[in-house]
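Structure first, commentary second.
Computed from the coordinates by the stated procedures, all read-outs in this text should not be read as laboratory data. Keep in mind it's a predicted model, so treat the numbers as computed, not measured. Cβ coordinates were reconstructed from backbone atoms using ideal geometry, including for glycine residues, and neighbour counts include every protein chain displayed.
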Amino acid sequence: MAKTINGREIADEFCAHIKERTAEIKERGIEPHIALINAGEDPASEIYISKKEKLATSVGISSTVYKFNNYVKENEISDLINKLNNDKKVHAILLQSPLPKSFQFRKLINLIHPDKDVDGLTTLNQGRLFSGEPGVAPCTPSGVLHLLRTVHDNIAGLHAVVLGRSSIVGRPLAQLLLNSNCTVTLLHSYSKDLPAICRTADILVSAIGKPLFIGKEFIKPGATVIDVGVNKIEKNGSKKIVGDVKFDEVAEIAAAITPVPHGVGPMTVAYLMHNTLNLACCY
Ligand code: NAP
């Protein structure tokens with residue numbers, strides 16, 4: 001039976017360390033501050049923003065939430081980003097996705113000053129990651145790497161297969177794994193024979209957002225499986241959050257596996273705080 005990688009506990013431990021670092025930085029007269037922008041009334045975003053706000057408070061980082069209703073105009077968000085870029089008290093800016101459908105995500109992200117780009121999503125920070133230069137790495141992929149390091153002393157030379165190639169998760173994660181000297185395969189919706197490729201993975205990360213898509217036929221015995229997916233399903237008339245992976249059957253074959261919830265999610269929020277501190281120190 002696989003070891004369950006408890007992201008909740010690992011994130012709590014990491015946050016205790018972040019709290020200590022925050023206190024040290026404050027002693028130097030710096031007050032780390034993150035701006036959280038929530039454009040629209042997506043219910044899941046409201047929950048994520050509230051979690052981020054609470055964690056910031058608990059580690060001693062100050063935060064401001066900028067909340068807009070569904071009638072918000074794109075230029076209101078761009079004006080706000082420009083204002084926050086010029087506010088010396090703000091070290092980190094997060095633009096919560098999804099944005100309203102008509103908004104141009106890349107355009108808005110690229111308005112964020114790269115030195116305040118807490119989720120490492122601007123084209124400049126993504127380019128730095130891809131060319132191996134120092135920069136801000138996106139939170140979820142950083143959290144995944146952190147979890148992997150709790151079960152592997154060294155991931156160099158391992159075959160890592162990443163399912164999903166979004167600019168938020170799959171692509172930057174593939175790059176982080178490559179930078180850690182893994183052999184990396186990146187799969188997407190046009191890839192053929194997914195189970196056969198996945199069965200060659202020492203590390204399998206799923207970030208496709210398809211509920212319970214990954215069964216035991218995708219798993220090499222002894223593999224480490226990280227489930228990034230967060231999917232809402234209805235079961236027996238009630239709503240339930242599940243990952244991309246069929247936890248129970250995959251846990252019978254894998255060596256280590258993350259659950260959903262309490263896997264990658266808490267690490268994403270923890271890395272938001274970690275990145276905020278780094279930006280506050282450098283700014
Ligand atoms: P996304 O932008 O929708 O990207 C999904 C990716 O999966 C795309 O690259 C797509 O391929 C690929 N894909 C979809 N169906 C596939 C299939 N049947 N076979 C192979 N590849 C397939 O999603 P995202 O923003 O990366 O998020 C992915 C999941 O992670 C979602 O469930 C999201 O909620 C979750 N998430 C969790 C956290 C966390 O902190 N736990 C953070 C971010 C996201 P194409 O490119 O070919 O379309």
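Remark on I214: its backbone amide H falls under 5 Å from those of V245, K246, a criterion applied only to residues 5 or more positions apart or on other chains, H modelled at 1.01 Å from N.
Per residue and in cubic angstrom, what volume does the convex hull of the Cα atoms of region 139-265 have?
Numbers: hull volume 12.7 nm³, N = 127.
Measuring per residue, one finds 100 Å³ for the Cα hull of region 139-265.
Applied to region 55-64, the Karplus parametrisation 6.51 cos²θ - 1.76 cosθ + 1.60 on θ = phi - 60° returns per-residue 3J(HN,Hα) values of 5, 4, 4, 5, 9, x, 8, 8, 9, 10 Hz, with x for Gly and Pro.
By the count of other C-beta atoms within 10 Å, a proxy for reagent exposure, M1, M273 are ordered fewest to most as M1, M273.
For region 254-268, backbone phi angles converted through the Karplus equation (6.51, -1.76, 1.60; θ = phi - 60°) give residue-by-residue couplings of 6, 8, 8, 8, 8, x, 10, x, 6, x, 6, x, x, 5, 4 Hz, Gly and Pro being listed as x. Neighbour counts of C-beta atoms inside 10 Å place R21, R106, R28, R171 in the sequence R28, R106, R21, R171, starting with the fewest. Within the shell defined by Cβ-Cβ distances under 13 Å, the residues around V245 carry a net charge of -3, with Lys and Arg each +1 and Asp and Glu each -1. Picking from A92, S142, S189, whose Cα lies most toward the positive end of the charge dipole for the chain (charges on Cβ: Lys, Arg +1; Asp, Glu -1)? Farthest towards the positive end: S189. Compared with the dominant Cα axis of the chain, that is its longest principal axis, helix 170-179 is turned about 80°. The charge dipole of region 29-113, taken about the Cα centre with unit charges on the Cβ atoms of Lys, Arg (+1) and Asp, Glu (-1), comes to about 160 debye, rounded to the nearest 20.
Helices in the chain, meaning DSSP H runs of at least 4 residues, each add -39500 (n - 2.57). Divided by all residues, the mean residue ellipticity at 222 nm is -12500 deg cm²/dmol.
With the contact rule set at Cα under 8 Å and sequence spacing of 6 or more, what percent relative contact order holds for the chain? Numbers along the way, then the final one.
Details: 564 pairs, mean separation 63.2, N = 283.
It rounds to 22 percent for the chain.
Using Cβ contacts closer than 10 Å as the measure, can you line up S238, S206, S97 from fewest to most?
Numbers: S238 7, S206 27, S97 17.
Listed from fewest to most nearby Cβ atoms, that is S238, S97, S206.
In terms of overall dimensions, the chain has a Cα radius of gyration and Dmax of 18.8, 55 angstrom.
Each residue of region 113-119 was assigned a 3J(HN,Hα) from its phi angle through the Karplus curve 6.51 cos²θ - 1.76 cosθ + 1.60 (θ = phi - 60°); the sequence is 4, x, 7, 10, 7, 5, 9 Hz, with glycine and proline shown as x.
Once the Cα gyration tensor of region 52-197 is found, what semi-axes does its equivalent ellipsoid get, as square roots of 5 times the eigenvalues, in whole Å, sorted largest first?
Details: eigenvalues 191, 72, 41 Å².
Semi-axes, largest first: 31, 19, 14 Å.
For region 1-65, with equal point scatterers placed on the C-alpha atoms only and solvent neglected, what are the log10 I(q)/I(0) values from the Debye formula at q = 0.24 1/Å, to two decimals? Taking Cα atoms of region 1-65 as identical point scatterers yields -1.02.
Can you work out D for region 29-113 in µm² s⁻¹ from Stokes-Einstein, where Rh is the Kirkwood radius over C-alpha pairs, the temperature is 25 °C and the viscosity is 0.890 mPa s? Walk me through the intermediate numbers first.
On the way: Rh = 13.2 Å.
The Stokes-Einstein estimate is 185 µm²/s.
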